[in-house]
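*Asks:* This structure is in structure tokens; I'll ask about it shortly.
Bear in mind that the values in this text are calculations on the coordinates, not laboratory data. All figures in this text were calculated on a predicted structure; none of them were measured in a lab. Cβ: placed from backbone, ideal geometry, glycine included. Neighbour counts: every protein chain shown.
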Amino acid sequence: MDNKICPECGTENEPQYPYCKNCGINLNAEAASPVTAEPQEQPHADNRNQQSGYGYNYNPYGAYNGGSIEGVPNEEVELFVGKKSYSIMPKFIKMEITRSKTSWCWPPAILGFFFGPLGAALWFFYRKMYRPAAILAAIGAVVDIIYAVLTMNYVDTYSEALFNSLDTATLADIIEAFGNIATSVPYILATALNNIATVATFVLTGLFGFSLYKNHCISKIKGFKLYSADPMYYRLGLTSLGGTSGGMLTLGIVIMLASSSISEFVTSIISLMF
């Protein structure tokens, strides 16, 4: 079968597509023409939100066709979210219905638990939320530097004890070194700071990760709606603006690895000075 050419925007669509994958127009209609949607009431739990008409057709086969989140149609939010929208959209909708600002978000929480603020920042980089990602990365880098500075002398002590134990063939020196490190005030402070940062990251990003992402989606969609010049490419624009970024995820990993090198550099400078 021949591919279908959209009479509205000229996009070539596969034969099985009933609607244009670019502009959403009905390809099976006898006479295709631009559709202007009038605002109409949509069923919603609190009866306050409306489906807004922006002059675009949407695929009625979408999982979340109908309803809105903070005035933005669900299908637009679904397009913006992209990957994992099937699991993220129910979180958004539940928060909208209950007017809640919390909904547990596992990805940044797990990353934060194992890698601290720098780990949690990876999810925000991946979802193109650059401001919270940068804040978490900065906090993580500062915590790493402080931890390295507070423990640098005690790492040297442990290393010396380890090498000495190789000569004596006993574990006494290592046990003694560990005891000295564990009871030292700087080490206790460094460990406490690191643990507090890890737990706080786990709890806060877990509780508010989806809320931050929902606000990000709504803000970006509304901003794009104001400056989008060509309605025919609105859907493609949303998909491109939202979604995920493997490149930014890679950048986050590079920042996390660089933080360790920066910490070593700072401790080397301090040790030379003092």
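*Asks:* For Asn28 and Glu12, calculate 0.36 nm times their separation in residues minus their Cα-Cα distance, and state this gained length in nm to one decimal. Don't jump to the answer; show the numbers that get you there.
*Replies:* On the way: separation 16, 0.36 × 16 = 5.76 nm, distance 1.39 nm.
Using 0.36 nm per residue and subtracting the Cα-Cα distance, I get 4.4 nm.
*Asks:* Please tell me which of these pairs span more than 24 angstrom C-alpha to C-alpha: Lys4/Lys222; Lys101/Lys220; Lys4/Lys214; Lys4/Lys83? Mind dumping the intermediate values first?
*Replies:* Details: Lys4/Lys222 32 Å; Lys101/Lys220 18 Å; Lys4/Lys214 35 Å; Lys4/Lys83 26 Å.
Over 24 Å apart, Cα to Cα: Lys4/Lys222; Lys4/Lys214; Lys4/Lys83.
*Asks:* At 0.36 nm per residue, and after removing the present C-alpha to C-alpha distance, how many nm does the segment from Ile270 to Leu193 gain when stretched out fully? Walk me through the numbers on the way to the answer.
*Replies:* Numbers: separation 77, 0.36 × 77 = 27.72 nm, distance 2.00 nm.
Net length gain for the segment: 25.7 nm.
*Asks:* Same structure again: Kindly state, to the nearest 0.05, the FRET efficiency for Ser219 paired with Thr250, given R0 = 30 Å and r defined as their beta-carbon distance. Please list the in-between numbers first.
*Replies:* Numbers: r = 25 Å, r/R0 = 0.83.
Working from the Cβ atoms, E equals 0.75.
*Asks:* With the crude spin-label approximation of a point 7 Å out along Cα→Cβ, what separation in nm comes out for Ser240 versus Leu226?
*Replies:* If labels sit at Ser240 and Leu226, their model points lie 2.1 nm apart.
*Asks:* In bins 10 Å wide, starting from 0, what share of all Cα pairs of the range 207-248 does each bin hold, as a percent?
*Replies:* The calculated distribution, bin by bin, is 25, 48, 24, 3.
*Asks:* What list do you get for Ile25, Ile262 if you sort them by fewest beta carbons within 10 Å?
*Replies:* Working: Ile25 21, Ile262 15.
If I rank by nearby Cβ atoms, fewest first, I get Ile262, Ile25.
*Asks:* Using Cβ contacts closer than 10 Å as the measure, can you line up Val143, Val77 from fewest to most?
*Replies:* On the way: Val143 22, Val77 26.
Listed from fewest to most nearby Cβ atoms, that is Val143, Val77.
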